[in-house]
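Since every read-out is calculated from the coordinates, none of them should be taken as a lab result. Just so it is clear, the model here is predicted, and its values are computed rather than measured. Cβ placement follows ideal geometry from the backbone for every residue including glycine, while neighbour counts extend to all protein chains displayed.
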């Protein structure tokens with residue numbers, strides 16, 4: 001609850017974080033997920049250079065880290081060789097974890113916008129005589145056929161007609177529904193793409 005209060009407060013220091021400070025927190029959260037602990041600023045500088053189009057110079061990075069430390073987001077440490085390192089505080093980890101989750105979702109959305117594939121079909125002219133088992137979203141269905149439905153209103157979904165005649169609708173974005181459709185196709189189910197769902201008569 002506290003993290004949402006922090007991020008939704010217009011006067012919160014989080015809203016005043018620079019792009020560099022946010023990127024630092026995101027990288028620290030990603031590293032903390034694998035191995036918690038202090039991160040040398042030299043390593044941060046290298047990782048920022050890989051993830052950001054703008055060059056990040058040592059003095060700017062160290063200044064951003066000190067401002068984060070002043071805001072209570074990180075603590076600064078010195079190694080035996082006097083190299084500066086930073087570590088997320090409890091409050092910093094909460095903030096960084098949310099920023100990291102948002103960035104991962106944004107990256108996933110960017111990848112989906114660039115994804116393109118052709119949906120095949122193999123809908124037979126005669127009704128199928130045998131239902132086939134298909135696992136979708138970790139659940140097993142016994143289905144006659146599947147349709148990628150593009151409704152006039154709303155989002156696309158996969159329509160499964162099961163062996164007992166019951167219809168199951170699996171909703172999602174265009175890419176995730178397309179992947180479910182391809183799973184059905186690869187399993188040998190009769191599949192097709194259609195505009196709107198036909199009246200089931202019931």
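General remarks:
- Exposure proxy ranking, count of Cβ atoms within 10 Å, fewest first, for 41, 89, 115: 115, 89, 41
- Kirkwood-based shape ratio for the chain, expressed as Rg/Rh from alpha carbons: 1.20
- Antiparallel DSSP beta bridges within the chain, percent to nearest 5: 80
- Zero-based 10 Å bins, Cα pair distances in the range 130-193, whole percents: 24, 60, 16, 0
- The Rg/Rh ratio of the range 14-112, with Rg taken over Cα atoms and Rh as the Kirkwood radius over Cα pairs, comes to 0.95.
- Rounded to the nearest 10 degrees, the inclination of helix 174-186 to the longest alpha-carbon principal axis of the chain is 50 degrees.
- Under the Debye formula (equal points on every Cα, no solvent term), log10 I(q)/I(0) of the range 81-186 at q = 0.12, 0.15, 0.19 Å⁻¹: -0.58, -0.76, -1.01
- Dividing the summed helix terms, -39500 (n - 2.57) for each DSSP H run of n ≥ 4, by the number of residues in the chain produces a 222 nm estimate of -13500 deg cm²/dmol to the nearest 500.
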